[in-house]
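The values are calculated or read from the model by the stated rules, or taken from the named source; none is laboratory data. Model, not experiment: these values are computed from the prediction. All Cβ positions, even for glycine, are placed from backbone atoms using ideal geometry, and neighbour counts span all protein chains on display.
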Amino acid sequence: MKQKLLYFHAGRSSFVIKDIEILQEKYDAHEFFFNTTNKSNYFFEFIKQKFFLVSKIFGAKLIVCQFAGHYSFLPILFAKLFFKRSVIVAGGTDCVAFPSINYGNFNTKLMRFTTAFSFKNCDLILPVHQTLVEYDYTYQPNDHPKQGFNYFIKDLKTKVEVIHNGYNSKKWFCNSDKEKKSFVTIGAGLGSRFGFNLKGIDMIYAIAPKFPEATFYIVGGSSIKTTAPANVKLLENMPNNQIQPLLSKMQFYLQLSLSEGFPNALSEGMLCECIPIVSAVGGMPDIVSDCGYILKHKDENELLSLIKEALNSADVSTLGKKARKRIEENYTFDKRKNKLLSELQKLL
């Protein structure tokens, strides 16, 4: 008989779906979705979450939260009160603060409190990359010189174990000819108060007119209100089954974010033989390694040089295949599954 597990998240994103699939192999997983899209409904979401916990906590062996924040506060509190083991998968926004764009859990007092409480009182933190624990931030000078939950929580004693995201190379692959001089970026919430700058769309808008022979596709860009340059195509959000055919046609994947943990779309793009061009933040330089181009500073001239170098590269096909191999060999779904299940079992 499978042991009972309670799983909390703020939306069925691709990484949430994959982790649920992993957990259901070994556990009787009961899922709770805390809807954060409308903050005026937070009170009712907390009420629903409380009733879920009261009805499900007995018999549960483990509580898992996908990210820390407001919606992990009650689960971690209940875990402490009822002597249950608890885990937080740390993924990005719950580990950073960027006052310049008003982004990150450690940017506001209340969110900082619930996030720090959750990290301090759970039994295990599972960040998807080491940079979410702490690293020197040098991409741009307008925010903290370091990022990561250890930087913002000075007395944190909770055990930390890094488990990278993992991908299925049979699902993500290149099966079409590449459109020459094509660039793609995939993002959610790009029309939000911080999304445009967070995901580096401002940089794409700035440099695109300098490359009229190229086309820049932004999936999820239809929510952006700012008028785009002529060669920037703002596309609707796409279901997962439409992303692979698009990535398969693209030559370059752009991820010029101010902050990232371990971005799924970048890794999926690399599996589809897109050459990555990324900002030097979070885990991206480590993921890309020598398979693409890394923008060390948020600087338009530096980006212009990088794009020129990429477009003039003589071995585009070779680099795309190298990018696929990088993900295929280092970041597999099975690696994440085995390590995640192993770490959870150690707690019980």
Item checked: The listed residue being touching a Phe, Trp or Tyr at 6+ places or on another chain (Cβ under 9 Å), in the same structural domain as SER192 (by TED's automatic domain parsing) and closer than 24 Å to PHE67 by Cβ, out of MET284, MET250 -> MET284
Check: If you take the residues in segment 265-291 that are without any contact (Cβ under 8 Å) to a residue 40 or more places away in the chain and not in a helix (DSSP H, G or I), which one is farthest from ALA323 (Cα to Cα)?
Finding: VAL278
Notebook entry, point to check: Can you name the helices (runs of 4 or more DSSP H) wholly within segment 56-167 that have at least 3 residues being within 27 Å of HIS297 (Cβ to Cβ)?
Noted result: 149-152
Next item on the list: Output the residues belonging to segment 22-35 that are in a helix (DSSP H, G or I) and either modelled with pLDDT under 95 or exposed (fewer than 12 other Cβ atoms within 10 Å of the Cβ) (or both).
Entry: GLU25
Next item on the list: Return the total of residues in segment 105-139 being within 18 Å of ALA280 (Cβ to Cβ) and not hydroxyl-bearing (Ser, Thr, Tyr).
Entry: 7
Next item on the list: Being in contact (Cβ under 8 Å) with a residue 24 or more places away in the chain and either in a helix (DSSP H, G or I) or within 24 Å of the chain's Cα centre (by Cα) (or both) is the filter here, so list the residues in segment 208-221 that pass it.
Entry: ALA208, LYS210, PHE216, TYR217, ILE218, VAL219, GLY220, GLY221
Margin query: Can you go through PRO145, PRO229 and tell me which one is at pLDDT 95 or above, outside the structural domain of ASP19 (by TED's automatic domain parsing) and farther than 30 Å from THR318 by Cα?
Written below: PRO229
Notebook entry, point to check: Given the conditions (1) buried (at least 20 other Cβ atoms within 10 Å of the Cβ); (2) farther than 25 Å from LYS18 by Cα; (3) more than 21 Å from the chain's Cα centre (by Cα); (4) not aromatic (Phe, Trp, Tyr), and given that LYS50 satisfies all but one, which numbered condition is not satisfied?
Noted result: (1)
Notebook entry, point to check: Within segment 181-196, how many residues turn out to be at pLDDT 95 or above and either part of a loop (DSSP other than H, G, I, E, B) or under 21 Å from the mean Cα position of the chain (by Cα) (or both)?
Noted result: 5
Note to self: Looking only at residues that are assigned to a helix (DSSP H, G or I) and of a type in the set (A, V, I, L, M, F, W, C) in segment 1-21, which one is surrounded by the fewest Cβ atoms within 10 Å (Cβ to Cβ)?
What the structure shows: ILE17
Next item on the list: Out of ILE76, ILE153, ILE88, report the one residue that is farther than 18 Å from GLU260 by Cβ, assigned by TED's automatic domain parsing to the domain that holds LYS39 and within 17 Å of the chain's Cα centre (by Cα).
Entry: ILE88
Note to self: Restricting to segment 296-320, give me the number of residues that are of a type outside the set (Gly, Ala, Ser) and surrounded by 15 or more Cβ atoms within 10 Å (Cβ to Cβ).
What the structure shows: 7
Next item on the list: Select from segment 248-264 the residues that are under 14 Å from the mean Cα position of the chain (by Cα) and part of a helix (DSSP H, G or I) and list them in ascending order.
Entry: ASN264
Check: What number of residues in segment 1-32 are among the basic types (Lys, Arg) and either touching a helix residue (DSSP H, G or I) at 6+ places or on another chain (Cβ under 6 Å) or free of Cβ contacts under 8 Å to residues at least 12 places away in the same chain (or both)?
Finding: 1
Note to self: Quick check on segment 180-192. Is at least one of its residues of a type in the set (D, E, K, R), crowded, with 16+ Cβ neighbours inside 10 Å and either in contact (Cβ under 8 Å) with a residue 24 or more places away in the chain or out of contact with any Gly (no Cβ under 8 Å at 6 or more places or on another chain) (or both)?
What the structure shows: yes
Check: Is it the case that ALA97 is of a type outside the set (Asp, Glu) and within 30 Å of THR332 (Cβ to Cβ)?
Finding: no
Note to self: Which count do you get for residues in segment 218-243 that are buried (at least 18 other Cβ atoms within 10 Å of the Cβ) and closer than 17 Å to SER176 by Cα?
What the structure shows: 1
Notebook entry, point to check: Among the residues of segment 36-66 satisfying the criterion of being among the β-branched types (Val, Ile, Thr) and modelled with pLDDT of 95 or more, which is nearest to ARG12 (Cα to Cα)?
Noted result: VAL64
